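Below: the structure, in structure tokens.
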């Protein structure tokens, strides 16, 4: 290998190092320039511009999506708290109710807001007031069963309250956002027709607003759907606890009515 070639090869690492340092410095200057430009130039196509330049349809769509989002989050939080409280009542009923001397004493041990106390009280009242002129035509087993089932049905119906709102929000919010998208594209086409040319500044704003509407619709719908599925699953767990308690209570009440045990005193 000749001497000039060896000299060039020896100088290559120095040249590469110099190029790397130079490119890094240039990139730093470019990034500083972009950062300065971003600080100076405002975004004319952001959310503020959407609200400031939007008409009553665009603003109304945003308000509807905001209300749907607040309603879904409120219901989700309230139902989660309610389910957690009912699970605590279930643990209290399993721990103390069946150790009481009678059904009435066990019901008094439960909290007044406990759904398990409501079921127990309904069963006791059904067993005690079976001597009426109309209800006496129904045997005690059927009457107590119907009363306990009605109490369980009321509790399950209360558990399902608000889920319809989450299902409605989850299914309709994407379409509300899509309506805003269609409205924004309509304005984009109108701006192009008035300008007589498809300039980027005439298209970017309305199309960007349309995409924001779509994103809002999805952002509202996804938490509502996930929250609905979560609440339905937790409702099934709570309902199973209530039905199991009602079945055991039904057996105890019938045993007491048949003479195997007593304790159907009025709960005060």
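Values quoted throughout were computed directly from the atomic coordinates according to the rules given, and no laboratory measurement underlies them. Everything quoted here is computed from the prediction, not taken from an experiment. All Cβ positions, glycine included, derive from the backbone under ideal geometry; neighbour counts span all protein chains shown.
Structure notes:
- Cβ-to-Cβ counts within 10 Å put 250, 141 in ascending order as 141, 250, the fewest first.
- Taking label positions 7 Å along the Cα-Cβ direction at both residue 125 and residue 105, the computed distance is 2.4 nm, reported to one decimal.
- The calculated FRET efficiency for residue 211 paired with residue 248, based on their beta-carbon distance and R0 = 51 Å, is about 0.35.
- Label-point separation in nm, residue 146 to residue 167, each point 7 Å along Cα→Cβ: 2.9 nm
- Put in line by how crowded their Cβ is, counting other Cβ atoms within 10 Å and starting with the fewest, 118, 56, 175 read 56, 175, 118.
- Those residues of region 166-190 whose amide nitrogen sits under 15 Å from the label point placed on residue 229, 7 Å along Cα→Cβ: 167, 170-171
- Label-point gap, in nm, between residue 218 and residue 112 - each point 7 angstrom along Cα→Cβ: 5.1 nm
- The fewest-to-most ranking of 69, 147, 157 by surrounding Cβ atoms within 10 Å reads 157, 69, 147.
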